[in-house]
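Below: the structure, in structure tokens.
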Amino acid sequence: MKKYSIIMIVVLMSLLVISSVVYGWFTYVQRKSISTFVSNELTVNITLNEDEIIDTKTLSNLAFIDFEDDLLLNTNNAFNEVGQVMDIKITLDETSPLSRFIFELGVIDDPLIYLIVLDDQIIDYHQYINLVINPLDTKANMLLSIDAFNQSQIDLLSSTIVLPGEIKTFKVIFWADYDQLVSPDDYLTYTTNFSIKLTMINAYGELS
């Protein structure tokens, strides 16, 4: 079996705290998965079509927003600045065949609001998220619209054929909804996990 490799670099940044960087290198070889943790570096070896990568990041120091004042009206003009941004970059090795990256996201906590952005030219997240929702709708329906939009972006990523040597990038921006907390004081210590499962398959293949 030919060898395949991809490199996935995940940079998790927060504009509220000192920026931190987490790198993950994912190399496909012809053997079973082996995980090695070294400081902030994660190396995972997997076999094409047989294994999957599940990368979980702990989110803390999230900005808690008021849904109406911040997400809808942006009263304080701070919605863009307080979002915690995760940049994801995936490179397909030049010796690999045409491929697809199949993405799945883990279970999301209720307070967490996130937005997947495929166009790196988009930096006005408030304007962008308000194109996704109907501001006259109920809050529950607006949250469902955001979820549906995010899923459509995941589906688009998963259906895109990637050429050898090609680089794919996208962003995930996070906020936390204060009204969804079980206890108002939890915002001081709130943390949650965000998981991305990635499988690489032949461009015209299907998951088994």
Worksheet item: Right, D177: surrounded by 13 or more Cβ atoms within 10 Å (Cβ to Cβ) and closer than 25 Å to Q153 by Cβ or not?
Response: yes
Discussion item. Of everything in the range 75-118, what is in contact with a helix residue (DSSP H, G or I) (Cβ under 9 Å, 6 or more places away or on another chain) and closer than 20 Å to I161 by Cα? Give them in sequence order.
Written reply: R100, F101, I102, F103, E104, L105, I116, V117, L118
Item to complete: Would you check if K171 is under 23 Å from E81 (Cα atoms), charged (D, E, K, R) and in contact with a strand residue (DSSP E or B) (Cβ under 9 Å, 6 or more places away or on another chain)?
Response: yes
Worksheet item: Do we have any residue at all in the range 174-183 that's out of contact with any strand residue (DSSP E or B) (no Cβ under 6 Å at 6 or more places or on another chain), within 17 Å of L115 (Cβ to Cβ) and modelled with pLDDT under 95?
Response: yes
Worksheet, complete the sentence: Of (1) assigned to a helix (DSSP H, G or I); (2) within 24 Å of I53 (Cα to Cα); (3) in contact (Cβ under 8 Å) with a residue 24 or more places away in the chain, F170 satisfies every one except (1)
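Look at G165 and say whether it is of a type outside the set (A, V, I, L, M) and at positive phi.
Working: of a type outside the set (A, V, I, L, M): yes; at positive phi: yes.
It is true that G165 is of a type outside the set (A, V, I, L, M) and at positive phi.
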Worksheet entry | Residues of the range 143-161 classified as surrounded by fewer than 16 Cβ atoms within 10 Å (Cβ to Cβ) and farther than 14 Å from V172 by Cα, total | 8
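For the subset of the range 184-206 comprising residues that are of a type in the set (D, E, K, R) and not in a strand (DSSP E or B), which member is farthest from V162 (Cα to Cα)? Working first, answer last.
If we filter the range 184-206 for residues that are of a type in the set (D, E, K, R), which is where we start, we get 185-186, 197, 206.
After this cut, where a residue has to be not in a strand (DSSP E or B) as well, the list is 185-186, 206.
Values: D185: 45, D186: 42, E206: 15 Å.
Ranking the qualifying residues of the range 184-206, first place goes to D185.
The values are calculated or read from the model by the stated rules, or taken from the named source; none is laboratory data. It should be emphasised that the depicted structure is a prediction, and the values quoted were computed from it without experimental measurement. All Cβ positions, even for glycine, are placed from backbone atoms using ideal geometry, and neighbour counts span all protein chains on display.
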